[in-house]
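The values are calculated or read from the model by the stated rules, or taken from the named source; none is laboratory data. Remember, it's a predicted structure, so these values are computed and weren't measured experimentally. Using ideal geometry, Cβ is built from the backbone for each residue, glycine included, and neighbour counts are taken over all protein chains shown. We work out accessible area using only protein heavy atoms, side chains counted, and drop any ligands, DNA or RNA first. Shrake-Rupley method; radii C 1.70, N 1.55, O 1.52, S 1.80 Å.
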Amino acid sequence: AVVIAPTRELALQVKRELAWLYKEAGARLATCVGGMDTRTERRALDRGAHIVVATPGRLCDHIKRNNIDLSELRAVVLDEADEMLDLGFREDLEFILGEAPEDRRTLMFSATVPKGIAQLAKNFQKDDTVRVSTTEERTQHSDIEYRALNVAAGDPENAIINVLRYYEAQNALVFCNTRAMVNRLTARFSNRGFSVVALSGELSQNERTHALQAMRDGRARVCVATDVAARGIDLPNLELVIHAELPTNSETLLHRSGRTGRAGRKGVSALIVPGRSRNKAERLL
């Protein structure tokens, strides 16, 4: 099987889960992700793998260089399929699916299913494809409590600091719309004594891996991130999500908030709403 994920972090997270799940079966796993050494990946592929977890661009490279043999491929899994279309991976995905054997199974997973995904599914899945909805796609499950907090125009950053202090969450994730805002808030929180890490596209793979590890082992309690960097990430004990800047649409709100309230645990999703953004916040909710 090949599992394709939009970001390196998500691909490595999927591999970690599969490693313990298939350990007793003796399955061989390999990863093909950007930012890693291509030669090491090629050697792993040469040895043969039962499951390859990959990001789209790097997998395309390996296919074009004949480093990977897809002739025995039984299943292709697209994780966070909608995000991959948003990030412009459509051509890569179409190339990969076009190279895969006709008789494979194609499985697509996403918390939201916009038109583009439905179209991709129609083109690359068989006629007897079944669509499984585990929960209502438009609504969040009841383990997440939403809070919209009205703040004065110049006060959002102070408000975020107060929310962090009020909830004293074991782990908190603060979402921003731009890398510049991520850098700004990270510096601000650090100055105020919070143990904080950043997660955005401009960081090296090493920095991103260290940031997530610091959150997992308790060295950091606050992670400031962009949407793409934190998509699909599972941080154990994440109790609080703060939207420092409102997301652009309700799907993004759903995905962001879904980082908390996982596996039966409770969580809070707090929207910071400066006066002029009140209508937008109401629309999102």
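What to note about this one:
- Considering segment 150-183, and only residues there that are closer than 23 Å to R219 by Cβ and open to solvent by 70 Å² or more (accessible area, probe 1.4 Å), the residue that is modelled with the lowest pLDDT turns out to be Q170.
- Inside segment 186-224, residues that are in contact with a Cys (Cβ under 7 Å, 6 or more places away or on another chain) and of a type in the set (G, A, S) make up a count of 1.
- Selected residue (criterion: surrounded by the fewest Cβ atoms within 10 Å (Cβ to Cβ)) from residues of segment 9-34 that are among the charged types (D, E, K, R) and in contact with a strand residue (DSSP E or B) (Cβ under 9 Å, 6 or more places away or on another chain): R28
- Filtering segment 115-137 for residues that are of a type in the set (K, R), in a loop (DSSP other than H, G, I, E, B) and either farther than 22 Å from A281 by Cα or open to solvent by 90 Å² or more (accessible area, probe 1.4 Å) (or both) leaves a non-empty set.
- L120 being within 23 Å of H255 (Cβ to Cβ), at pLDDT 90 or above and not polar (S, T, N, Q): no
- The conditions of being over 23 Å from the mean Cα position of the chain (by Cα) and free of Cβ contacts under 8 Å to residues at least 40 places away in the same chain are not met by I117.
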